[in-house]
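The values are calculated or read from the model by the stated rules, or taken from the named source; none is laboratory data. Small disclaimer: the values here were computed from a predicted structure and weren't measured. With ideal geometry, Cβ positions are generated from the backbone for all residues, glycine too; neighbour counts draw on all protein chains shown.
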Amino acid sequence: MDFEVREYDANGQVLWAASKYVQLTKDYDALRRWYPVIRRGGVEWLETNREMAGDDSIRGGLLPPSWSAEDTGPMDHHYWDDMWAIAGLRELGRVLRDAGS
């Protein structure tokens, strides 16, 4: 079977979790080590997928339709994808400000 799995909640969740870890531990060295991967796999990935959504998709959500709820039916816009993207980016911005970056 050949199909592309599109699930967009995990990238925002990782940004959120890494940010919360840094907020709780004040381990800014970890943030500096992780930042290249966080930026490429989280921030840039979300930005690219947002751009792929195009103007037609903005009515359905910030990110393109996904399989994030494969148990509920076909690919569709799922607002938790958007929520995790926003939460992850917001928290990452907060820790980057705290780190002085």
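Do any residues in the range 88-100 that are more than 17 Å from Asp29 (Cβ to Cβ) have Cβ atoms under 7 Å from those of residues that are part of a helix (DSSP H, G or I) and aromatic (Phe, Trp, Tyr), where the two are at least six apart or on different chains, and which pairs are they?
Here the result reads Gly88/Trp16; Glu91/Trp16, each pair linking the range 88-100 to a residue that is part of a helix (DSSP H, G or I) and aromatic (Phe, Trp, Tyr).
Name the pairs: first residue in the range 10-36 and within 11 Å of Val95 (Cα to Cα), second residue surrounded by 13 or more Cβ atoms within 10 Å (Cβ to Cβ) and of a type in the set (Phe, Trp, Tyr), Cβ to Cβ under 9 Å, at least 6 apart or on different chains?
Leu15/Trp84; Trp16/Trp84; Ala18/Trp34; Val22/Tyr28; Val22/Trp34; Asp27/Tyr21; Leu31/Tyr21
Can you name every one of the helices (runs of 4 or more DSSP H) wholly within the chain that holds 1 or more residues which are at negative phi and modelled with pLDDT of 90 or more?
Per the criteria, 9-25, 28-38, 79-99.
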